[in-house]
Amino acid sequence: MSVFADEETRLLVQGITGREGSFHARQMLEYGTQIVAGVTPGKGGQRFENKVPVFDTVAEAVQTTGANTSVIYVPPMAAAAAIVEAADAGIPLIVCITEGIPVMHMSRTMPFVRSRAVRLIGPNCPGLITPGSRAKVGIIPGNICAPGRVGLVSRSGTLTYEVVNHLTCAGIGQSTCVGIGGDPIIGTNFIDCLRAFQDDPATDAIVMLGEIGGTDEQNAAQFVKAHVTKPVIGFIAGQTAPKGRRMGHAGAIISGSSGTAEEKLAAFAAADIGIMRRPVDVIELLRKRM
Amino acid sequence: MNIHEYQARALLKAAGIPVLDGDVASTPTEAEAIARRLGGTVVIKAQVHAGGRGKAGGVRLAKSPGEALDHAAEILGMQIKGLTVQKVLVVPAAEIASESYLGLIMDRETQRPVFMVSSAGGVDIEDVAQQTPQKIVRFPVDPTYGLFPHQALRLALVLYRDFVQVKAAARIMEQLYAAFVANGASLAEINPLVTTPDGRVLALDAKIIIDDNELFWRPDLGLLRDETAEQPSEAAARRANLSFIKLDGDVGCVVNGAGLAMATMDLVKYYGGEPANFLDIGGSSSPEKVINALKIITADPHVKAILFNIFGGITRTDDVANGIVAATRQFKVAVPIVIRLTGTNEAEAIRILNAVGMTALSDMDQAVARVVKLAKEAA
């Protein structure tokens, strides 16, 4: 058991012949992920690495291979269309890695995604990894992860690696690590992941890595208070960030007086979420609470 | 991307929204000429990417072309929140019967463009939202269909009772939505939307923020960027494809990834230092990016020490090491550099650094504590 990705994952890679897609498809194969198909319009009939069949459309790929998860590496201007194509083909889990999708594209895409029985993770995210199942969907480096019972959910990429690395070095393995993405409009939020980890018998504790901007962490804290019985610890990046400036991630911006680190940390404290002052604090807090 | 009021006004005007006549000036004589052409009393408005222009003395009434010349001379070159005023907008002074607020923002929670309409206009809408939130009517638009006429009418009825004005305002709602979509905006605001004593409805001020992600395929919108209205270091960073924000501290930071970059700044503060900047060199960091990053950071005279914090995933740490070595060969870095790197090709990176007498740490806390100490010693 685990969250969102496991040994049942039959992965399709959209944009498999592109620069990013081919690089990461190789890494996912090396890790042990079951990649059953790739899609690049116009390259149908080819084989990736002499192994993975490439199709022109997602529908064809699904029909032929039974793919049940898709990961998207197509450029920003075509990425929202790729999400819609995957949802239309009935793929239940879509992970969009692409950064730089215009927010209006996502605003128009979400009503369609929500009209289907689809979970979208991202965009602008590192994807997810379930070390115990050797299932890696995205770009999180496999070598820093270890199988175990801590679930991790994060808005960031390299900060996730930093924290996962601390965990692994301290002998604390992970059930699943999910990067939900740094954009203002994303398919899966903290609450969705908290609910999944709470229901997952393979997860004993949850780490959430948030950042400034928006109210997702505040809502998540209320959810933790009401519905999560497992220990939760959290971090907020951007305590020294100035107001009104976009800190790299399109979603990491304090608008007016809303979305500050103080506001989020206060919500964490009110929900008895253990607060990490530094990334390394994850180890001591988990040991105390698990 | 922020654009100036005069540019936002032009976009609204192009969408059919009624705005006052007027023009932008870069010199006092140009402002005088515009005032003469407009006749009567005019308003001179500083064009900078900062709020609170009025309080800072950047908005003034001029009763004659001569006064317009004098006021423009004072406002041009003025500093508002650290930014120098390069242009002024000259518009006729309107007679105002009522002031309202009309805004459209891309809302994260509903994931839709949301109208915000309030009869409390002309003031900071943030204050209204905090003190009297009931005075703001919010309405999310389904982007699949856009704003329907009856929805526009309902929003207009929040503001006016006179049906001529209601119809005019409803039309402005539809035009504002169209301008928002056409220009890839994440915010479009008219504050205030006014009625005049003779019953007209007019947009008196305009603010538009364009979604940076649109610029890649909309070079026409990119042309609206005014680099002179930005910090020079931030403009240089953008040209080098670096995500950079200047801050007031003395510890320069070079990090891969936005979340880790923010966490690094926070850790600098935790250990008693002050970060000089936010800088994300991105995923595929070529040595050139590192060289550009070092150039931009060392140009800041406040920087007393520099920290590299690299967690190699897609980023190859040997690329970063090569960049650091190449940069220090190209130009002299007068302040100490502390390097933390771990992950992809770490052994090779350390070999590259050691060969030129540099060392690297693998622990983030150790590195941050050291760079803060060095910055303090140099201060």
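The values are calculated or read from the model by the stated rules, or taken from the named source; none is laboratory data. Everything quoted here is computed from the prediction, not taken from an experiment. Reconstructed Cβ throughout: ideal geometry from the backbone, glycine too, with neighbour counts over all protein chains shown.
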If you go through region A:227-237 one residue at a time, do you hit one that is away from chain B (no Cβ under 11 Å) and within 18 Å of B:Asp107 (Cα to Cα)? no
Return the pair list, or none, for Cβ contacts closer than 7 Å from residues in region A:232-244 that are assigned by TED's automatic domain parsing to the domain that holds A:Val163 to residues that are charged (D, E, K, R) and surrounded by 24 or more Cβ atoms within 10 Å (Cβ to Cβ), at least 6 apart or on different chains. A:Ile236/A:Glu211; A:Ile236/A:Glu217; A:Ile236/A:Lys264; A:Ala237/A:Glu211; A:Gly238/A:Glu211
When you look at B:Val137, is it without any contact (Cβ under 8 Å) to a residue 24 or more places away in the chain and away from chain A (no Cβ under 14 Å), yes or no? yes
Just checking, how many residues over region B:247-256 are buried (at least 24 other Cβ atoms within 10 Å of the Cβ) and facing chain A (nearest Cβ under 9 Å)? 2
B:Gly40 versus (1) more than 22 Å from B:Val201 (Cα to Cα); (2) assigned to a loop (DSSP other than H, G, I, E, B): which is the lone unmet condition? (1)
Please count how many residues of region A:116-141 are assigned to a helix (DSSP H, G or I) and at the interface with chain B (Cβ under 10 Å from one of its Cβ atoms). 0
Verdict on B:Asn322 being in contact with a helix residue (DSSP H, G or I) (Cβ under 7 Å, 6 or more places away or on another chain), farther than 21 Å from B:Lys246 by Cα and within 14 Å of chain A (Cβ to nearest Cβ): no
Sort through A:Val54, A:Val3, A:Val74, A:Val62 and tell me the only one that's in contact with a Gly (Cβ under 7 Å, 6 or more places away or on another chain), part of a loop (DSSP other than H, G, I, E, B) and farther than 29 Å from B:Arg218 by Cβ. A:Val3
For region A:142-160, name all the residues that are within 12 Å of another protein chain (Cβ to nearest Cβ) and in contact (Cβ under 8 Å) with a residue 40 or more places away in the chain. A:Gly142, A:Ser154, A:Arg155, A:Ser156, A:Leu159, A:Thr160
Search region B:286-312 for residues being buried (at least 21 other Cβ atoms within 10 Å of the Cβ) and within 25 Å of A:Asn143 (Cα to Cα), and hand back the single one that is farthest from the chain's Cα centre (by Cα). B:Gly312
Sort out for me the helices (runs of 4 or more DSSP H) sitting completely within region B:103-218 that have 3 or more residues that are in contact with a strand residue (DSSP E or B) (Cβ under 9 Å, 6 or more places away or on another chain) and over 19 Å from B:Ala15 (Cα atoms). B:125-131, B:149-159
Of the residues in region A:221-231, those that are touching a helix residue (DSSP H, G or I) at 6+ places or on another chain (Cβ under 7 Å), outside any loop (DSSP other than H, G, I, E, B) and free of Cβ contacts under 8 Å to residues at least 40 places away in the same chain number 2
Subset of region B:326-379 that is in a helix (DSSP H, G or I) and of a type in the set (Lys, Arg) - its residue that is modelled with the lowest pLDDT: B:Arg329
Over region A:161-183, the set of residues touching a helix residue (DSSP H, G or I) at 6+ places or on another chain (Cβ under 9 Å), buried (at least 24 other Cβ atoms within 10 Å of the Cβ) and within 12 Å of another protein chain (Cβ to nearest Cβ) is A:Tyr161, A:Glu162, A:Val163, A:Val164, A:Gly179, A:Ile180, A:Gly182, A:Asp183
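Quick grid of which residues meet (1) over 19 Å from A:Gly157 (Cα atoms); (2) modelled with pLDDT of 95 or more; (3) surrounded by fewer than 24 Cβ atoms within 10 Å (Cβ to Cβ):
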residue: A:Gln14; (1), (2), (3): yes, yes, no
residue: A:Arg26; (1), (2), (3): yes, yes, yes
residue: A:Val36; (1), (2), (3): yes, yes, yes
residue: A:Val52; (1), (2), (3): yes, yes, yes
residue: A:Ala80; (1), (2), (3): yes, yes, no
residue: A:Ile83; (1), (2), (3): yes, yes, no
residue: A:Gly100; (1), (2), (3): no, no, yes
Checked B:Ala33, B:Ala10 against criteria (of a type in the set (Gly, Ala, Ser) and under 13 Å from B:Val91 (Cβ atoms)); the one match is B:Ala10
Under the condition of being surrounded by fewer than 24 Cβ atoms within 10 Å (Cβ to Cβ) and touching a Leu at 6+ places or on another chain (Cβ under 9 Å), which residue from region B:262-285 is nearest to A:Asn124 (Cα to Cα)? B:Gly282
Looking at region B:257-300 only, could you name the residues that are part of a helix (DSSP H, G or I), away from chain A (no Cβ under 14 Å) and not charged (D, E, K, R)? B:Pro287, B:Val290, B:Ile291, B:Asn292, B:Leu294, B:Ile296, B:Ile297, B:Thr298
Go through region A:264-290 residue by residue and tally those that are under 17 Å from A:Glu217 (Cβ atoms) and away from chain B (no Cβ under 13 Å). 10
Given the conditions (1) within 30 Å of B:Met364 (Cα to Cα); (2) outside any loop (DSSP other than H, G, I, E, B), every one holds for B:Asn241 apart from (2)
Residue check: is B:Leu61 touching a strand residue (DSSP E or B) at 6+ places or on another chain (Cβ under 8 Å) and in the same structural domain as B:Ala169 (by TED's automatic domain parsing)? no
Let me spell it out: the conditions are (1) farther than 26 Å from A:Pro123 by Cβ; (2) in contact with a Phe, Trp or Tyr (Cβ under 7 Å, 6 or more places away or on another chain), and A:Gly234 meets all of them except one. Which number is the exception? (1)
Identify, please: which residue in region B:1-28 is of a type in the set (Val, Ile, Thr) and touching a helix residue (DSSP H, G or I) at 6+ places or on another chain (Cβ under 7 Å) and is, among those, surrounded by the fewest Cβ atoms within 10 Å (Cβ to Cβ)? B:Val19
Filter region B:120-134 for residues that are surrounded by 15 or more Cβ atoms within 10 Å (Cβ to Cβ) and within 18 Å of A:Ser258 (Cβ to Cβ) and give the result. B:Ile125, B:Val128, B:Ala129
Evaluate the following for A:Gln198: is it part of a helix (DSSP H, G or I), away from every other protein chain (no Cβ under 12 Å), closer than 18 Å to A:Ala271 by Cβ and in contact with a His (Cβ under 8 Å, 6 or more places away or on another chain)? yes
